[in-house]
Every structure is written in C-alpha cells, then in structure tokens.
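Participant: I have a structure here, written as structure tokens, and I will follow up with some questions on it.
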Amino acid sequence: MATLVTDLESKESSGVRDLALSYLGQGKTDTAERLLHELLALHPEDVQAMRLLALILQAQGKSDQAIATLHQAVELVPGAAHLHADLGALLRSIARPQEAAASLRIALELDPSMSAAWRLLGDALVDSGELIDAAKAFERSAQTDRFREDIARAGDHLTRREAAEAEQIFRGVLKQEGKHVAALCGLAAVALMARQTAQAERLLRNALRQSAHLPLIWRGLSQTLMDAGKLEESEQAVRHALMVEPDSARNWVMLGTVLARRLRQTEALSAFEQALRLGPLYPARVLMSKGHLLKTLGRRAECEAAYHACIEMEPANGEYFWCLADLKTYRFSDAQLAQMHSALAAQPQDPANAALLNFALARAREQRGEYVSSFEHYAQANALRRRSVQYDAAGFESKSGRIMDVFNAAFMAQRTAAPATGPRAARPLFIVGLPRSGSTLVEQILASHSQVEGTMELPNILTFVQELETAGGKTDAYPEVVASLPAERLRALGERYLKETRELRSGRPYFIDKMPNNFRHIGFMQLILPDATFIDVRRHPMDACFSAFKQHFAEGQTFSYDLEDLGRYYRGYLAVMDHWHAVLPGRVLTLNYEALVRDTEGEVRRLLTHCGLEFEPACLRFHETQRSVRTASSEQVRQPIYDSGIGHWRHFEKELAPLARSLGDCLNRFEN
C-alpha cells in the first residue's frame, strides 16, 4: 500500500497540510498525524507542517511529543515569533505557566504587535501569581488589537444604547477573526440589552475559552449572572476580575452593584467608596449609586449630600434632580427650581434628560400646590418618555387572554400539587399588583414579623417566563408551553427558584417576593410553588394610575407614560386578577390600600392570617423596622401610616379626564 504522501506526490506541501487539517476537523487525528509524519520525512524542514503536527499531537493528548515538535521548529527558525507563541500556548494548556510565560515573552520581543500573545501571556502570568504584570499584559493586548478602533466605535454605540449599530460592528469583526474576545464580549452586552441572559452567558463562556483570566470577560460575566439572578456566581466572577485588576474602578462598581443586589448594603457602600477613590470614568454616576445605597439604608442626610454633589459635578443632568425628587419628601428651593429650568432650556435636544427634569419640576410644583403647572410638567415628561419606550396595549391584552385560557379552572385543578407536609423549604409570600399601589408598605409590614424575611423585587419568576418564551427556539411560547411541561420539570423550576433566592434569606420560614408585574403569572407560580402565598395589593385606580404616571421608572413599566394606556392596563390587571380568584379560590388575598390605611390593625391581622402567621405588634410599628428598602417608596415606609395619598388625584381631576374615560366602568367597583 502506498503511503499517503506518495499518493499525493504531485501536490504542493501546502496541499498535504490542508488535507491533514481536514482530517483533524473530521476527528481523524491518527490519519492526520501519519500524513504529516510522511510529509516531514520528505521535507524535514517544513516548519508549518511541524506547527500543525504539534496541534494534532496536542489534540490526541500527546503533549510531550507536541512540545518536542515545536522545540524542533523553534531550533530551525529561532526568529519566528509565532512559533514561540505556539509553544507558549501549548505549555500553558498543560499547566506549565512559567515556561509558557518565558516562551511568550520571547515571542513578544520578536513581535510586540501580537495581541493574542499578550493575552496569553496575561493568562500565564495570572496562573503564576504575577498579577501586576498580568494586568499590564492584558492592557498591551487591548492596545495592540488590530480591531481596537472598531471595538471602541461599537462601544460608543452601546453607551448610547444603539444596539443594532454596535452588533453590526461586532459581527463584522468576528467575520474577520472568529474568536475575537472583545467582539464576543460586545455581542454579549448587546444580548444583555435585549434581556437575553442565556445567550450573553454562552458568548462569554466562549470568550473564556480564548482567555481564562481577562478581566473584561469576567466583568461582563458578572453582569450577566447578576441579571440572570445568579448572584453568588456573579460576585465570584467580579472578584476574579478584581484579582487581576484590583485598581480598576469599573470592577469595584460592579462589585458594589452585585453586593447591593445580595442585600449586603454596607459592603456595597464600601465598594462604591473604593471606586470613587480610584477615580472612575463617570464619578457622578458612581456617587449617585452611593446615594441610592444610602437611601436604602435610611441615611437620608448623607443620601441628599451625595445627590447634591452629583449636581455640583453635572449641574444640567436631570437624573440627579430626579433622585432628589424621588425621595418624595424632599422640597426644592427657588434656586434649585431656577437651575432646573435653566438646564431644561439649555438642552432641548436631549429628550431623556428633559423628561427627568420635567418629572422633578412637576414634583416640586405639586409639593407647592401649583397643580396646573405641575401637571403640565408631568404631561411633558411622560410625552418625552413615551417616545423612547415601546408599549403594545393590544399585545398585553392578547397575552393576558392566552394566559387565562391556558391556566383555566380545569387545568389548575388537574396540575396543582398539594402543599408540602412536614419539613419544607422557606415559603414565599408573593406580593403583586400595580406599581405605586402600596406594595412596599405591605412588604414592610410583613418584613416586621419575626418569621418573615424581607428581600427585594426579585426577578427570578420573570426570568423563568422569559426562558419559557423561547422554548423550542420560539419567540412567544409562553404560556402554552407550560401545558406540555411534566410535573418533574415544574417541580424542578420551583426547586431552582428556592435555590436561587436562598442566599437572600437568613433562615426564617417565610420570605417576601415583591414584584408587582408577577400578577399575570400567579397560575404558573402556583404550579411550581404549591406552598406559595399570594397577596394582591390594590389601590383606587385613579390614585394608582396617576401615581404611576408621576413616576419615572428605570425600566419595565412601559404602560405608565400615557393616561389612556394606564387605564387600559388597569382594566386588564383587574380581569386577570378576577380570573385567579375564580380558578384559585381562596389562594389570593386582595388587600385594599385605602382599607389598610383606615383600619390598619384589622387589615394587618387579616393579612397575617392569610399568610398563616400569628399577629405580632411589630407589624403595626413597621416604620421602626431597620432594613434596606430598594423601591421608590423607601422613604414613605419609614414613616407612620398616613392617608394624604388617598384621593390625591382630585387635585388634578380635570387633567385626568382621559384616564377616567379609559378606566370606564371599572371605577364603579371602587369607593374613595
């Protein structure tokens, strides 16, 4: 039988190498190895064949032979930087980091423009514990990247939230260099903007196969894992980035953000303070985050001071004025009003900033009893906000209808498991409803009970729903896909929920999950968590809707920027809640905010009974409870209960006529 090479005698050596590479791609490593040995027997100085042979030997686990082959190639061409780089990569892959670093340093002395070699050197130095030099190597990798300008341009698009433009650039880079690390990280950031956390994580895990320690990857992975609710893993990821770059303000900001989500507020505050000492790229924004933390901790004076300092740094930025307004009880001075008006006049082409300034001005005018002027600013703020958000009222109603069709009485009776008996995991108390309807007050009351853990607005259920939406490669699979899930899968989802939320609990038998938008998913939550308790906090529709209209939400409440949309949404909410009462009788407690204010003790007792809790007087002294509160009502729930919010909408009755018309006859169900 003729040898493989002599069968190809008429072909160039490059053709033989290409054939060997093809065999490698097919998994025929033995054939590829034999082919290259035969080629090298005829052409013993074919360095490219040696490089490929080393790759194939490595794939077969023959590391010593691979290293010997590369050493032979280096001896033939000692000035070939890429050979030293190949040897360094191979040595690092078999956990010989110091030798790897030595080879990579030789490669970079020969050719300091090799970005990938700098990145490999960084990884090898981290493995060796030489962290300072590793950080420098990673920086050189970025500086020598031939796509550096493209990546920077795409990053600018991301900063402006121009996802499509950024994605186009990143994909263009990947067409030219299929495993480009920064482009993979950039695409992950684009995926995160679209809330596609699973896709973002896949991209970042792929990037980690190219570089095990690059802080850029670990920082992005931390953000991704945090958005996915994997908070412990998120903290581990950012601490990995900090190990390499301890003087990076961005890493400390990320750590502070994760710690805040893990309800370790004091540690988070320290992280933000460290970021500020290091001089972050946007110091005012980091200081604002510090102010938010001080707010959740109830340190009001320090919080205000932080926001004031932000305004001194960026006096035309409306977000910092809104931060003060969102304290609810803060009163602006005449000078501050003039400053906001000046800022509004100076930046007419920035609708996002103008919206924030208008929201703040509206709140200031409202506090002064200047209701007509106040509403003008609210209307302008919402009109500006409405331009930048998409809300599909018909889509919301259609989806709600499908949810009610799937989770009908027969389905729920057939699929709902009995509550657990005997020892069980912590029992969730789900608080749902509309934003600005009193849910934070109810959360604070329950969190004042010795058996109840107060947490925060948990995204886990909405994450599950998003995952189910894309089941089977579809884009709108929920809720119908739930009907096809076996009982084991539903139980696994419930166990996953309890596992993911465990780190936010200290061992009390009950814990709160206050996410108002979960109201549509009560049927799903009942299936995966049969022990769950549901509380619907409901407020008079005019007060509830107008209060939402007055609020600048960071994200999620896209229905709240138009009065007619608000009324239509409220009607849809009532229809869904009526459905749950019909198909899950007795499972959901409707707690009216107005009744809670007027008969606090009676309603608190009713609430605790529904939750299976004994009455405790501390629940009536909720404003004395020391805990972090992360919502817009954080200041209000630190005060004794008050009734000034009931019927407040009547000051704006004329202006709210479109809301009343949109609410229609559902107003007849409420008394004020």
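Coordinate-derived values only; no laboratory data. All of these numbers come straight from a predicted model, not from anything done at the bench. Glycine also receives a Cβ, built like all others from the backbone with ideal geometry; neighbour counts cover every protein chain displayed.
Participant: Charges only on Cβ, +1 for Lys and Arg, -1 for Asp and Glu: so what's the dipole of the chain about the Cα centre, in debye to the nearest 20? Each step should come with its number before you reach the end.
Facilitator: Working: 78 positive and 84 negative charges, 312 e Å.
That gives a dipole near 1500 debye.
Participant: Roughly how many whole Å is it from the C-alpha centroid of the range 486-511 to that of the range 195-268?
Facilitator: Answer, in whole Å: 23.
Participant: Compare the peptides 38-50, 438-450, 245-257, 123-135 by average per-residue count of other Cβ atoms within 10 angstrom and give them in order, highest first. Show your work: numbers first, answer last.
Facilitator: On the way: 38-50: 17.1, 438-450: 24.2, 245-257: 21.4, 123-135: 19.7.
Ranking the peptides 38-50, 438-450, 245-257, 123-135 by packing returns 438-450, 245-257, 123-135, 38-50.
Participant: Measuring from centroid to centroid over Cα atoms, what is the spacing of the range 562-594 and the range 652-672 in Å?
Facilitator: 16
Participant: May I ask you to evaluate 6.51 cos²θ - 1.76 cosθ + 1.60, the Karplus curve with θ = phi - 60°, for each residue of the range 284-295 and list the ³J(HN,Hα) values in order in whole Hz, giving x for glycine and proline?
Facilitator: Ordered by residue, 3J(HN,Hα) equals 5, 5, 5, 5, 4, 4, 4, x, 4, 5, 4, 5 Hz.
Participant: Taking the DSSP beta bridges in the chain as the whole, what percent of them are antiparallel, to the nearest 5?
Facilitator: Antiparallel bridges: around 0 percent, rounded to the nearest 5.
Participant: Calculated FRET efficiency, residue 393 and residue 372, Cβ-Cβ r, R0 45 Å, to nearest 0.05? Walk me through the numbers before you get to the answer.
Facilitator: Numbers: r = 28 Å, r/R0 = 0.63.
About 0.95, to the nearest 0.05.
Participant: When 31, 69, 475, 266 are ordered from fewest to most other Cβ atoms inside 10 Å of their Cβ, what list results? Write down the numbers at each step before the final one.
Facilitator: Numbers: 31 17, 69 26, 475 6, 266 10.
With the sparsest Cβ surroundings first, the list reads 475, 266, 31, 69.
Participant: Next question, about the same structure. Let me have the 222 nm mean residue ellipticity of the chain computed from DSSP H runs of 4+ only, each contributing -39500 (n - 2.57), with the sum over all residues rounded to the nearest 500.
Facilitator: Numbers: 33 runs with 416 residues, N = 672.
That comes out to -19500 deg cm²/dmol.
Participant: Non-local amide H neighbours of residue 514 (under 5 Å, H modeled in plane, Pro and chain starts lacking H): which ones?
Facilitator: Under 5 Å from the amide H of residue 514 lie the amide H atoms of 431, 456, 458, each far enough along the sequence or on another chain.
Participant: What FRET efficiency comes out for residue 329 versus residue 470 if R0 is 60 angstrom and r is the Cβ-Cβ distance? Round to the nearest 0.05.
Facilitator: Values: r = 43 Å, r/R0 = 0.72.
E(calc), rounded to 0.05, equals 0.90.
Participant: Relative to the longest principal axis of the C-alpha atoms of the chain, give the angle of the C-alpha long axis of helix 563-583, reported between 0 and 90° and rounded to the nearest 10°.
Facilitator: 90
Participant: Another question, then. Of 282, 573, 371, 378, how do they rank once you tally other Cβ atoms within 10 Å and put the fewest first? Could the numbers behind the result be given before it?
Facilitator: On the way: 282 12, 573 26, 371 16, 378 23.
Ordered from fewest to most neighbouring Cβ atoms within 10 Å, 282, 573, 371, 378 come out as 282, 371, 378, 573.
Participant: Please compute one quarter of the surface area of the Cα convex hull for the chain and express it in square nanometres. Could the numbers behind the result be given before it?
Facilitator: Details: hull surface 141.5 nm².
Over every viewing direction, the Cα hull of the chain projects on average to 35.4 nm².
Participant: Enter the per residue convex hull volume of the range 358-493, computed from alpha-carbon coordinates, in Å³ rounded to the nearest integer. It would help to have the intermediate numbers written out before the result.
Facilitator: Working: hull volume 24.6 nm³, N = 136.
Per residue, the Cα convex hull of the range 358-493 comes to 181 Å³.
Participant: For the range 6-143, what D do you get in µm² per second when you plug the Kirkwood radius from alpha-carbon pairs into Stokes-Einstein at 37 °C and 0.692 mPa s? Please report the intermediate quantities before stating the final value.
Facilitator: Numbers: Rh = 15.6 Å.
Once the numbers are plugged in, D ends up at 210 µm²/s.
Participant: Follow-up question, since we're still on this one. Listed here are the pairs 290/328; 179/230; 550/654; 399/499; which of them are more than 21 Å apart at the Cα? The partial results should precede the final answer.
Facilitator: Details: 290/328 18 Å; 179/230 26 Å; 550/654 16 Å; 399/499 29 Å.
Checking Cα-Cα distances, 179/230; 399/499 exceed 21 Å.
Participant: So if I take the alpha carbon set of the range 426-669, get Rg, then get Rh from the Kirkwood formula, what is the Rg over Rh ratio?
Facilitator: Details: Rg = 18.1 Å, Rh = 18.8 Å.
Radius of gyration over Kirkwood radius for the range 426-669 works out to 0.96.
Participant: Further question: Using alpha carbons only, how many degrees (0 to 90, rounded to 10) separate the axis of helix 197-210 from the longest principal axis of the chain?
Facilitator: 30
Participant: Let me ask you something else. Output the 0 to 90 degree angle, nearest 10, between the alpha-carbon long axis of helix 215-227 and the longest principal axis computed from the alpha carbons of the chain.
Facilitator: Tilt relative to the chain: about 30 degrees.
Participant: Let me ask something else about it. Of the listed peptides 321-329, 384-392, 204-212, what is their order by residue-averaged count of other C-beta atoms within 10 Å, with the highest listed first?
Facilitator: Numbers: 321-329: 20.8, 384-392: 14.6, 204-212: 18.1.
So the order, starting with the most tightly packed, is 321-329, 204-212, 384-392.
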